[in-house]
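Values quoted throughout were computed directly from the atomic coordinates according to the rules given, and no laboratory measurement underlies them. Computed from a predicted structure; not experimentally measured. Here the Cβ positions follow ideal geometry from the backbone for every residue, glycine too, while neighbour counts run over all protein chains shown.
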Amino acid sequence: MRKVEIFDTTLRDGEQSAGVNLHPHEKLEIALQLEKYGVDIMEAGFPASSYGDFQAVQQIAKAVKKTRVVGLARSIKSDIDAVYEAVKDAEKNGIHVFLATSPIHMEYKLKKKPKEVVEAAVNAVQYAAKYFEHVQWSAEDATRSEWPFLAHIIEKVIDAGAKVINLPDTVGYTTPDEYAHLITYISKHVPNIDKVKLSAHCHDDLGMAVSNSLAAIKSGVGQIEGTINGIGERAGNASLEEIIVALQIRKDIYQVETNIDLKQTVRTSNLVSRLTGMIVPQNKAVVGANAFAHESGIHQDGVLKNKSTYEVINPEMVGLNSNKMVLGKHSGGHAFKQRCEELGLFLNEEEGKKLFSAFKDLTVKKKEVTEDDIFALMMDSSVKG
Ligand code: KIV
Ligand code: ZN
């Protein structure tokens, strides 16, 4: 089966989330957990952006052994030098150089003509390739770039020494079909494309980052970029854990493998959430608190009979102990009886009926009935009879 490499940018693009500012020791803690999770490449930061980030990348590069550690650089020599200084001691290192290629970015941000952009990209990649074997080049805002120009500049940077070509959907503008077409177009129109790995990097402004990444995999990219919990600029990046679990559950469709240890999923998500302060929405796929919670009686009854009735992901697979039966107003007698038995309450039919009725009365006032509530109801003499 084909391998897809996972490029994690939680510590760079993820840290660009408004309000997030990780201390170097927190970045290191996340980096070590990402290594356990099994990502192939981690973008540890943007060394030229601040001395603090330079130090963080340097510490990570020294501590991480199995994962390739890369740093981000604009297409300027001083940025490339900063990345080199920060990651030179890593077991496996690399650099990620980028330059914008869309008409909007070239005209208003870079104030450069397309020809000058090609020249700057080629110079930067040639310079980076003197120090690094692993040079990734990104065409920022690729999805709003003109496709023939994109093909042209990619051909030139491959000749200059790039080993990975990334096509970012920088502003989360593309759709799955369009992104898949772009990747196919580049694969067909860049003559030397076989020399490199293609990579997808999606943002979530229109809520399609994960779908776009999966479409890219179907179109043949060999690397997927994203962040844990989907944190990142504006609406964030593609959620790596969602992509990875989708690849596992729908292997029949995607037919690819990753090096990820799925059992580390929830632990990694919790750590990133705790250290960044970015709360994971309760209903978020895979890692939300409710992702494996069943509340309604019909669902609870089904899951108690056979989990696959209402669960497509096995919670143990992502590192949870089990699913969760939430006792609320929609819960039925089966789930209630099971919870009572788990608590050591083996009631006769009469007691069971009374306790269930007291529980239902309580749900009028309380959304979720806890174990303490059940014990309190038991102490109520009207239940004990
Ligand atoms: O989204 C983007 O374009 C980026 C680049 C720096 C690769 O994060
Ligand atoms: Zn990005």
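Looking at Leu206, Pro191, His181, which one has the Cα that reaches farthest to the positive end of the dipole of the stretch 172-221 (charges on Cβ: Lys, Arg +1; Asp, Glu -1)? Final value for the positive-end residue is Pro191. Based on the Kirkwood approach, the hydrodynamic radius assigned to the stretch 1-129 is 15.3 Å, with every pair of different Cα atoms included.
Charges were assigned to the Cβ only: +1 to each Lys and Arg, -1 to each Asp and Glu. The resulting dipole of the stretch 20-137 about its Cα centre is roughly 260 debye.
When you filter the chymotrypsin sites (Phe, Trp or Tyr not before Pro) in the stretch 336-385 for DSSP loop state and at most 11 other Cβ atoms inside 10 Å of their Cβ, you are left with Phe346.
Panel order for Val97, Val196, Val83, by other beta carbons found within 10 Å of each beta carbon, from fewest to most: Val196, Val97, Val83. Sorting Tyr108, Tyr185 by the number of Cβ atoms found within 10 Å of their own Cβ, with the fewest placed first, yields Tyr108, Tyr185.
The relative contact order of the stretch 50-160, computed from alpha carbon pairs under 8 Å that lie at least 6 residues apart in sequence, is 26 percent.
Its Cα gyration tensor gives the stretch 180-284 an equivalent ellipsoid, and the semi-axes of that ellipsoid, as √(5λ) in whole Å with the largest first, are 27, 16, 12. What percent do you get for the relative contact order of the stretch 196-276 when only Cα pairs under 8 Å and 6+ apart count? It rounds to 27 percent for the stretch 196-276. May I ask for log10 I(q)/I(0) of the chain at q = 0.08, 0.11 Å⁻¹, from a Debye sum over the Cα atoms as equal point scatterers with solvent left out? Result of the Debye calculation: -0.49, -0.78. Counting beta carbons within 10 Å around each of Ile60, Ile253 and listing the fewest first gives the order Ile253, Ile60.
For a test of the definition: using alpha carbon positions, the gyration tensor, and the 1.5 limit on a/c, classify the stretch 315-372 as rounded, prolate or oblate. Judged from the Cα gyration tensor, the stretch 315-372 comes out oblate (a/c at least 1.5, b/c at or above a/b).
Comparing Glu91, Glu119, Glu341 in a Gaussian network model of the chain (Cα springs below 10 Å), the most mobile by mean-square fluctuation is Glu341. Fully extending the segment from Asn321 to Asp177 would add 48.1 nm, taking 0.36 nm per residue of separation and subtracting the current Cα-Cα distance. With K and R counted +1 and D and E -1, the other residues having a Cβ less than 13 Å from that of Gln300 yield a net charge of +3. Based on the alpha-carbon gyration tensor of the stretch 129-195 and its eigenvalue square roots a ≥ b ≥ c, which shape applies: rounded if a/c is under 1.5, prolate if not and a/b is larger than b/c, or oblate? Cα axes put the stretch 129-195 in the prolate bin.
Among Thr67, His25, His96, which residue has its Cα positioned farthest towards the positive end of the charge dipole of the stretch 11-105, with +1 placed on the Cβ of Lys and Arg, -1 on the Cβ of Asp and Glu, and the dipole taken about the Cα centre? So the residue we want is Thr67. Here the stretch 248-385 is treated with +1 on each Lys and Arg Cβ and -1 on each Asp and Glu Cβ, and its dipole about the Cα centre works out to around 380 debye.
Using only side-chain charges placed at the Cβ, +1 for Lys and Arg and -1 for Asp and Glu, the dipole size of the stretch 153-279 relative to its Cα centre rounds to 320 debye. Using C-alpha pairs under 8 Å with a sequence gap of at least 6, the mean separation divided by the residue count of the chain gives a relative contact order of 14 percent. Among Ala44, Ala120, Ala73, which one shows the biggest mean-square fluctuation in a GNM of the chain, springs joining Cα atoms closer than 10 Å? For the chain, modelled as a Gaussian network with Cα springs under 10 Å, the answer is Ala120.
Got a sec? Charge dipole of the chain, +1 on Cβ for Lys and Arg, -1 for Asp and Glu; which of Gln58, Leu355, Leu11 is way out at the positive end? Projecting each Cα onto the dipole axis, the largest value belongs to Gln58. Each 10 Å bin from 0 upward holds the following percent of the Cα-Cα pairs of the stretch 94-218: 14, 47, 34, 5.
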